[in-house]
1. Once the Cβ-Cβ distance between residue 113 and residue 62 is put in as r, and R0 is 25 Å, what FRET efficiency do you end up with, to the nearest 0.05?
2. Would you please put 263-275, 191-203 in order of how densely packed they are, using the mean number of other Cβ atoms within 10 angstrom per residue and starting with the highest?
3. From Cα coordinates alone, what are the radius of gyration and Dmax values for the chain in angstrom?
4. Quick one: go through the range 28-50 and flag any residue whose amide nitrogen is under 19 Å from the point 7 Å out along the Cα-to-Cβ line of residue 204.
5. For the range 1-61, what is Rg from Cα atoms divided by 2.2 N^0.38 Å, rounded to two decimals?
6. Taking springs between alpha-carbon atoms closer than 10 angstrom, which of 186, 141, 114 fluctuates most in the Gaussian network model of the chain?
7. Can you give me the three principal axis dimensions of the range 231-270 from its C-alpha atoms, in Å, biggest first?
8. Determine, for each peptide in 99-110, 47-58, the mean count of other beta carbons within 10 angstrom over its residues, then list the peptides with the highest first.
């Protein structure tokens, strides 16, 4: 039962992030990425701190977890967002979307190397099927193209680094979730990562006055902050807490599928046949992960032996 609950939390987070992408795209038409990051994470930290004060949850952390929390915020919040921002400007959108989708693969590799979790054959097959599905979705997206020339090399490396950081983000958080609530872990990560984003924004130049933003932008930002950041990350951590990083991070493959759906609804983007086939491969991969092939094979052999 806990596994089902953990999966549900991860799926809900993926749905929320799926709607996040079209809204972020709309916001970034009006403001710079650096201003967007600063507003998003500053507001997130303030709201999380207020919430923890209201529910009377203390901010105490055991000394043994100081470094882990600092690592979680520095790499998973601060460096990840900076790397992703610079990466997307130095490669194609198609490259970025595909390379960031390798995070479940890196999580699985880490689990195998450290022997923290056994990764079954069905999970590897499901991961590859879903990754191929993402490739099809991106390949068939109008106006996108893959480019692995020398011009996009730096951008590709940065996005790939971002994918590794996202996988580490889920792994580093697991021990913290044994002792603290998902909301508290989210708050601690955001607080420790915010200084890096503030310094980064200052170095990028003058910060825009928030008074110049239209009401529409503030409403879109409200969703991105409350749902796309706070609620989504809390749900994601709940998923990790009840299952594992390897099992939870796989559901990140749902994000591009939902982005495609919401992009069609909100932005009027066309959904082509190849993208639908790609989405089918993603869900086929999810099915493969949830169905243990070895268990099914043993059941089939048992049934045959009866005849």
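1. Values: r = 27 Å, r/R0 = 1.07.
So the FRET efficiency works out to roughly 0.40.
2. Numbers: 263-275: 14.4, 191-203: 17.3.
Most protected by this proxy first, the peptides run 191-203, 263-275.
3. Cα radius of gyration and Dmax of the chain are 20.0, 77 Å respectively.
4. 28-46
5. Details: Rg = 15.9 Å, N = 61, 2.2 N^0.38 = 10.5 Å.
Cα-based Rg divided by the globular estimate yields 1.52.
6. Per the Cα network of the chain with a 10 Å cutoff, 114 tops the list.
7. Sorted from largest, the Cα extents of the range 231-270 read 37, 19, 8 Å.
8. On the way: 99-110: 21.0, 47-58: 12.7.
For the peptides 99-110, 47-58, the packing ranking is 99-110, 47-58.
Where a number appears in this text, it was derived from the coordinates with a stated rule and is not lab data. All values reported here derive from a predicted model rather than from experimental measurement. Here the Cβ is made from the backbone with ideal geometry for all residues, glycine too, and neighbour counts use every protein chain on show.
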